[in-house]
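Taking it in order: structure first as structure tokens, then the write-up.
Bear in mind these aren't lab numbers, they're just calculated from the coordinates by the rules spelled out. Since the structure is predicted, the reported quantities are computational estimates derived from the model, not experimental observations. Quick reminder, even Gly has a Cβ in these numbers, built from the backbone with ideal geometry, and neighbours come from all protein chains shown.
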Amino acid sequence: MSKPYALDWTEQEWISWLSLRGESTYIAKQIYRWLFAQNCSDPNLFTNLSKNLRSALLEKLSWELPKVDTRLESIDGSEKFLLVMKDGLFGEMVLMPSEKRITLCVSSQIGCRMGCTFCQTGKMGFKRNISRGEILAQLILANQRLKEMGEERRVSNIVFMGMGEPLDNFDEVVAACQTMIDPKAFGLSKHRVTVSTSGLVPEIQRLGKELPVRLAISLHSPDDERRSRLMPVNRKYPLSVLKEALLEYPCSPRHGITFEYVMISGENDSLLHAKKLVKFLHGLKAKVNLIPMNHFPGNPMRSAEEQQIRAFQKYLSDRSIPAPVRYSRSQDISGACGQLAMKREAEIDMDPRVLRRKRKLETIPTIE
Ligand code: SAH
Ligand code: SF4
């Protein structure tokens, strides 16, 4: 049987486990601190614990962080990490430092079962959920990287916009968020943790009751027929049902709800769509991120033209809806979700010599 993963345990679980071994609550709190306040997951370095206890921790539990297979530095300052999970599957995270904040985009699943047609992770299908500890491990890795870079700040904002549908892995994602906002752990503000969802209505309602972090909705079309084509989830939870859940979501009056809108040429980029979108947003405090679609091989869809995007943006902002255009960061390094992991999947059967040459080229950022 495989050992339990130390990072999966809550402080309470540490207290229970250690009390069975005759250890105090104080020790449990120290271990929890080492992991999630000090970003250290090596019990050998838990110097305030006895040697015996450190050996027992190593023997009974597993502690490894995902391995960084590749780290690609973008010319925009962001870094994308291709991670090898304990079972050999690939995950991804993106670290995006800026003057005001340091944002980490984390993955919640390997692959995704939602099947959105414009998304490379969707094409991959679902492999497995990422556990709470594996989600937190991404944050520890990012903070370790920042330290290595000589950066004094730590990750300040989290967005669940990597691989996977976070609300399809509800319990693990909420548990990870709880540790993120725990002042004894990472101590992030709950207004700085954003869960992005394709629109799983019952889970949006549960999130609102259990842990109302910031919400981002991947909308992509204000029209049921078209949205169902782009995002099969819309067949189960159509726009009217989604809207009702959003009206009830306890978001902060300052931040409201963010909508992600991938601009796809000839699909959702006309002013008629903009008009319908404004109608859909009526009554909500909304901001719309307009994202030019990241193209990937084998997909006939293309990004909307710049002119079209600007006209769409103007239509929204003229009606007092903020609509920044978000060029996905790190485009030069397969920035959009799932793109790097998919590349690696394709490489598994590749001749190692070809692969070495290919990877060498990949570490040099280029813009197509
Ligand atoms: N599953 C969640 C979060 C992960 S996807 C969700 O769908 O919200 C993160 C964001 O990347 C979503 O807004 C998604 O629509 C967007 N995205 C997916 N494929 C994309 C592509 N090819 N180009 C640009 N954005 C894309
Ligand atoms: Fe899954 Fe989000 Fe991609 Fe849709 S856009 S397939 S929900 S990761």
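Miscellaneous remarks
- Phi to ³J(HN,Hα) by Karplus 6.51 cos²θ - 1.76 cosθ + 1.60 over the range 294-302, Hz, x for Gly, Pro: 7, 7, 9, x, x, 10, x, 6, 10
- Taking one quarter of the surface of the C-alpha convex hull of the range 6-60 gives a mean projected area of 3.3 nm².
- Of 78, 50, 317, the one that fluctuates the most in a GNM where the chain has Cα springs shorter than 10 Å: 50
- Loop GluC sites (Glu not before Pro), the range 45-148, which have at most 16 other Cβ atoms in a 10 Å radius of their Cβ (DSSP): 64, 99
- Long-range HN-HN contacts of residue 214 with modeled amide H, under 5 Å: 193, 195
- In order along the range 210-216, the Karplus-derived 3J(HN,Hα) couplings, from 6.51 cos²θ - 1.76 cosθ + 1.60 at θ = phi - 60°, round to 8, 7, x, 6, 5, 10, 10 Hz, and Gly and Pro are given as x.
- Alpha-carbon centroid distance for the pair the range 134-150 / the range 42-107, whole angstrom: 5
- For residue 259, nonlocal amide neighbours, meaning residues 5 or more places apart or on other chains whose placed amide H falls under 5 Å from its own, are 217, 287, 288, 289.
- Summarising the amide proton neighbourhood of residue 161: residues at separation of 5 or more, or on other chains, whose placed amide H is nearer than 5 Å comprise 106.
- Overall, the range 135-258 carries a charge dipole of about 280 debye about its Cα centre when +1 sits on the Cβ of Lys and Arg and -1 on the Cβ of Asp and Glu, all other atoms neutral.
- Radius of gyration and Dmax over the Cα atoms of the chain, both given in Å: 21.4, 69
- Karplus-derived HN-Hα couplings along the range 250-258 (A = 6.51, B = -1.76, C = 1.60, θ = phi - 60°), whole Hz, x at Gly and Pro: x, 7, 6, x, 6, 8, x, 10, 9
- Across the chain, the relative contact order, built from alpha-carbon pairs under 8 Å that are at least six residues apart, equals 15 percent.
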